[in-house]
1. Which of the chymotrypsin sites (Phe, Trp or Tyr not before Pro) found in the range 284-327 are loop residues per DSSP with 13 or fewer other Cβ atoms within 10 Å of their Cβ?
2. How big is the gap, in Å, between the Cα center of the range 3-78 and the Cα center of the range 241-309?
3. What distance in nm separates the two pseudo spin-label positions at V382 and A426, each 7 Å out from Cα along the beta-carbon direction?
4. Just flag the GluC sites (Glu not before Pro) in the range 124-207 sitting in loop per DSSP whose Cβ has no more than 14 other Cβ atoms within 10 Å.
5. Roughly what would the spin-label model give for A157 and A419, points 7 Å off Cα along C-beta, in nm?
6. Two-decimal Rg/Rh of the range 1-43 from alpha-carbon positions, Kirkwood Rh?
7. Viscosity 1.306 mPa s, temperature 10 °C: what is the translational diffusion coefficient of the chain from Stokes-Einstein with a Kirkwood Rh over Cα pairs, rounded to a whole number of µm²/s?
8. Show me the ranking of peptides 67-73, 329-335, 53-59 by mean Cβ neighbours inside 10 Å, starting with the highest.
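Just so it is clear, none of the values below were taken in a lab; they were calculated from the coordinates. Everything quoted here is computed from the prediction, not taken from an experiment. In this analysis, Cβ positions are derived from the backbone assuming ideal geometry, glycine residues included, and neighbour counts consider all displayed protein chains.
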Amino acid sequence: MAGESEYDYDLFVIGAGSGGVRAARMSSNYGARVAIAEGDRIGGTCVIRGCVPKKFMVYASEYAKAFETAPAYGWTIPEKPTFDLGAFLCSVQEEVSRLSGIYRRNLHNSGVEMMEERAVLEDAHTVRLTKSGKTVTADKILIAVGGRPNEPEIPGADLAMISDDVFHMTEVPKHMTIIGGGFIACEFAQVFRGLGADVCMIYRGDIVLRGFDDDVRTQVTETMKKTGIHLYTHATLDAIEEKDGRLVCTVNGGPTIETDSVLMAIGRHPWTDGLGLEAAGVELDENGAIKVDEYSRTSVDNIWAVGDVTDRLNLTPVAIREGAAFADTVFGDHEIAFNHENVAAAVFTQPPVGVVGLTEHDARQTMEVDIYRTVFRPMKNVLAGDESRTMMKLVVRRSDQVVVGCHIVGPDAPEIIQAVAIAVKAGLTKRQFDQTCAVHPTLAEELVTLREKYVPDEVHSLE
Ligand code: NDP
């Protein structure tokens, strides 16, 4: 804990998103004098323009399938249901505001001083608030400003939306074009398909979700095509033009796609522009992320950084844990570095993806593995005549039978993977999975009843 100080604050946090808020509150609870600056609404990307409103949109779009399959379960739907995006997103914004208010109250209750304007560094101990022009000093500084969507330098790029804009749309476009094949592109492609749009994706690779296990990627790609999403692979967007109230996208130097709305989802970058990092001497890596050590300390002794601005594992719970580890280490009573291994992740496609640990491909680079895999039609789908499949896969290190990876595409995969992540993080073996009695009838029971090793060459299709 810092004692008497020549500075205005013991800690100044720049950015009130998931990582910054957690670090500020915990540091203040440890007794530090803490201020936090935020140029937008309190809550950051996750709460204001990311995970939270996105998940509501996923819920909204899932109703489409529920209406479609309801008759198989004895229901009569009187007339074609309609959807009002504008009204729905107003409700979402109300909830976002409520959550932002909770973040604000929590900061206040922890004794953190809030400054609702953007802050930039003047030097390693001085921060300037850009609206009021006020400068304050702090013994320690934590940068938690997150990231921003990438925008391509192509003609007409300004005619496209970025993910932030989606949450302010007023109607579902008849035709929507999404650029990219990552988390955001896949999630929104299925959201808008579910909401009734004709959706096409323009992706420079061949199968979506690069970095995920190949079986996950194949399964998601095939499901998207089956739900009617037009996926253009090996395709690059060259330009967007406005013509007669529509947008015309030129792809691969020739063919054009006429559309009503274009969404760019081509990755995000650390938001370090104009933050004064050079003035403070904070070093960046080749991708523009703030370089940090395992304790999130930057190249400057009294400055730390957590969350997406460090581009380690860009997930909300990770930023929170990095922020907590910072507070424990710097102002608390124990030194702790957050361990980025075996962090579970989810992609809210329909059906969703849940993964933890190594992909089969990555595991095979360093060890001999046994693979257990099943592809089946979930019980609910059988009665509904829905052909979509669930895929579950365990990657097991052959030498000691430890489960080093689990990959699921199917209903409730994100919920299931949270529990599996405990087992994988704990280093449990396949035998310990097998000793666990199944819960029946569930999808997840497959994870403890997989007996046959999967031989990739024999079966490779997920049909
Ligand atoms: P991703 O990194 O997931 O995907 C970016 C996609 O855009 C990839 O398909 C990539 O292709 C493609 N791409 C990159 N650059 C270009 C380019 N110049 N031209 C054309 N295509 C390009 O980024 P997202 O924007 O989808 O999401 C950003 C991050 O936000 C995620 O990485 C994740 O950390 C976080 N996020 C997490 C979610 C969750 O937890 N469920 C949900 C949404 C976001 P290629 O595959 O060839 O590299």
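1. In loop regions of the range 284-327 (DSSP not H, G, I, E or B), there are no sparsely surrounded chymotrypsin sites (Phe, Trp or Tyr not before Pro).
2. 20 Å
3. In this crude label model, V382 to A426 measures out at 3.1 nm.
4. Passing sites in the range 124-207 are E153, E171.
5. About 4.6 nm, to one decimal.
6. Ratio value, two decimals: 1.00.
7. Details: Rh = 24.1 Å.
After rounding, the answer is 66 µm²/s.
8. Details: 67-73: 13.4, 329-335: 15.3, 53-59: 18.9.
Listed from highest to lowest mean packing, they are 53-59, 329-335, 67-73.
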